[in-house]
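Step one of this worksheet: look at the structure below.
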Amino acid sequence: MFRSVGRFLRFHLKDGMCVICRGRLTIYEPKGDYQLVVAYAEPKGVGALQVAFEQLKERLAADGLFDAGRKRPLPAFPRRLGIITSPTGAAIRDIIQVAHRRWPNIELILNPVGVQGTGAAAEIAKAIAEMNELGGLDVLIVGRGGGSLEDLWAFNEEVVARAIAASRIPVVSAVGHEIDYTIVDFVADLRAPTPSAAVELVLPARSEIIKRFSGYGQQTVQAIRSRLRDCRSRVETERRALLDPAALVQRAMQRRDELEMRLCLAEINRMRESRQALNSLRQGLLLGSPIRRIEHGFAMLARVSTQLEQRVRAIGTGWRHALEQGAGALHALSPLAILARGYSITRRWPEMRLLRNAADVAAGETVHVRLSSGELICEVRRLGEELQPGES
């Protein structure tokens with residue numbers, strides 16, 4: 001398919017799509033390959049316009065143009081109503097007729113556009129922008145009468161959808177008949193099934209408001225009389241159409257019994273399911289109750305506190321034993337303990353250098369002697385290997 005043909009397709013070709021093609025069979029002479037030069041293609045099973053409609057719908061939905069949060073409410077009593085449609089179609093005549101009947105004081109402003117054919121979508125989008133620039137409008141009605149998908153295609157163009165989304169004025173779509181759906185129906189703030197219905201949705205009925213304020217008695221009487229006439233007519237029609245009353249009554253009674261039995265069973269099953277769901281929720285609440293979790297936490301805290309206290313006591317006892325053993329060993333090795341057994345520590349005076357040999361001091365020098373209790377400053381008189389008791 002050459003580009004000059006492809007740009008006129010209403011839908012986008014995708015890998016895996018099954019299409020029906022029409023063209024001519026040719027031969028590519030350099031390779032001797034047969035090839036089909038496509039002049040027209042459409043999706044198999046559905047039309048090209050329908051595929052294009054679905055593709056555009058998905059793309060605009062992904063952009064958020066269909067979100068309910070962006071829909072704006074319509075004013076209760078609009079004063080100026082903008083209309084974008086064909087000036088010669090039946091839609092504008094219906095709109096004017098219904099508008100003057102429901103609210104004669106309404107001001108209608110028409111922006112005439114083409115509603116089908118080449119360039120119609122661009123005209124509609126431009127008209128929406130012009131209405132916004134004009135200002136003073138309360139509501140915009142964009143639409144036309146019914147037709148085929150091809151006739152309504154101008155309201156399926158992306159440019160129209162974007163223009164409605166960008167409009168500062170609330171937009172009511174009124175395209176085709178009640179069964180017709182277009183892209184603008186999803187983008188607009190409100191969708192009306194027909195142009196006449198759009199006016200009825202936008203404008204209140206003055207006569208109804210007058211009647212409402214003048215009193216409801218006459219309306220009630222008329223409604224009752226009309227209802228009675230309808231009931232009499234229906235009863236008469238049913239009476240003429242009723243062939244076997246006994247059989248109909250019996251069938252109705254049997255149907256009633258069947259429905260009653262099904263209703264009872266449905267209620268029983270519903271109550272059983274509700275009871276099971278309630279029990280499940282109750283169990284879940286009990287298991288996840290903060291009080292149960294707090295009580296469990298307090299119990300665990302008590303156990304942990306007891307274990308911690310026992311552990312601290314055990315560690316303290318171990319440290320105390322170790323301290324006592326170390327103190328005993330330290331006391332056994334303490335110089336003071338040795339002095340208490342009758343030994344002394346001798347240092348050279350005044351350097352206080354420890355003396356281990358008698359040769360480290362000379363006769364006449366002074367030494368410092370530390371006893372278990374008290375200290376002595378002594379003078380060395382004589383040196384010897386071993387002095388006997390009584391020698392000086």
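Every number in this text was worked out from the coordinates using simple rules, so none of it is lab data. This is a predicted model, so every value here is computed, not measured. Using ideal geometry, Cβ is built from the backbone for each residue, glycine included, and neighbour counts are taken over all protein chains shown.
Work out from phi, with θ = phi - 60° and the Karplus expression 6.51 cos²θ - 1.76 cosθ + 1.60, the ³J(HN,Hα) of each residue of the range 12-24, listed in order in whole Hz, and give x for Gly and Pro.
Going residue by residue, I get 9, 6, 10, 4, x, 6, 8, 10, 10, 10, 10, x, 10 Hz, with x marking Gly and Pro.
If I take R0 = 41 Å and measure r between the Cβ atoms of Arg313 and Ser373 in this structure, what FRET efficiency does the formula 1/(1 + (r/R0)^6) give, to the nearest 0.05?
With a Förster radius of 41 Å, E is 0.50.
So for the range 140-262, averaging the separation of alpha carbon pairs under 8 Å that are six or more residues apart and normalising by length, what relative contact order in percent results?
19
Round to a whole angstrom and tell me the spacing of the C-alpha centers of the range 156-179 and the range 190-233.
29
Once amide H atoms are placed 1.01 Å from N in the peptide plane, what residues at a sequence separation of 5 or more from Val175, or on another chain, have their amide H within under 5 Å of its amide H?
Arg144, Ala192
Taking the Cα centre of the range 318-385 as origin, sum charge times position over the Cβ atoms of Lys and Arg (+1) and Asp and Glu (-1), and report the length of that vector in debye to the nearest 20.
About 80 debye.
Would you mind ranking Trp319, Trp349, Trp153 by Cβ crowding within 10 Å, fewest neighbours first?
Fewest-to-most Cβ neighbours within 10 Å comes out as Trp319, Trp349, Trp153.
Relative contact order for the chain using alpha-carbon pairs under 8 Å, separation at least 6, rounded to a whole percent?
Relative contact order here is 9 percent.
In percent, what relative contact order does the range 1-148 have, based on Cα pairs under 8 Å that are 6 or more apart in sequence?
21
Once you have the Cα-Cα distance between Arg303 and Arg320, take 0.36 nm times their residue separation minus that, and quote the gain in nm to one decimal.
Answer, rounded to one decimal: 3.6 nm.
Packing-wise, with mean Cβ within 10 Å as the measure, how do 103-112, 190-199 rank, highest first?
Per-residue Cβ counts within 10 Å, averaged per peptide and sorted highest first, yield 190-199, 103-112.
To make sure I understand, if each residue's beta carbon is the centre and we count other beta carbons within 10 Å, what order do Phe155, Phe213 fall in, fewest to most?
With the fewest neighbours first, Phe155, Phe213 line up as Phe213, Phe155.
If you take the beta carbon distance between Tyr34 and Gln55 as r and set R0 to 30 Å, what does 1/(1 + (r/R0)^6) give as a FRET efficiency, to the nearest 0.05?
Step by step, r from the Cβ atoms, then E = 0.45.
Taking N as the number of residues in the chain, what value does Rg over Cα atoms divided by 2.2 N^0.38 Å take?
Cα-based Rg divided by the globular estimate yields 2.52.
Hey, fewest Cβ within 10 Å first, where do Phe186, Phe53 land in order?
Phe186, Phe53
Tell me the GluC sites (Glu not before Pro) within the range 117-196 that lie in a loop according to DSSP and have at most 15 other beta-carbon atoms within 10 Å.
When the GluC sites (Glu not before Pro) of the range 117-196 are filtered for loop state and at most 15 Cβ neighbours within 10 Å, Glu150, Glu178 remain.
Work out the FRET efficiency for Glu238 and Glu260 from their Cβ-Cβ distance, taking R0 = 22 Å, and round it to the nearest 0.05.
That pair, Glu238 with Glu260, gives E of 0.40.
Considering only lysines 8 or more places apart in sequence, or on different chains, count the pairs in the chain whose C-alpha atoms sit under 28 Å apart.
Qualifying lysine pairs in the chain: 7.
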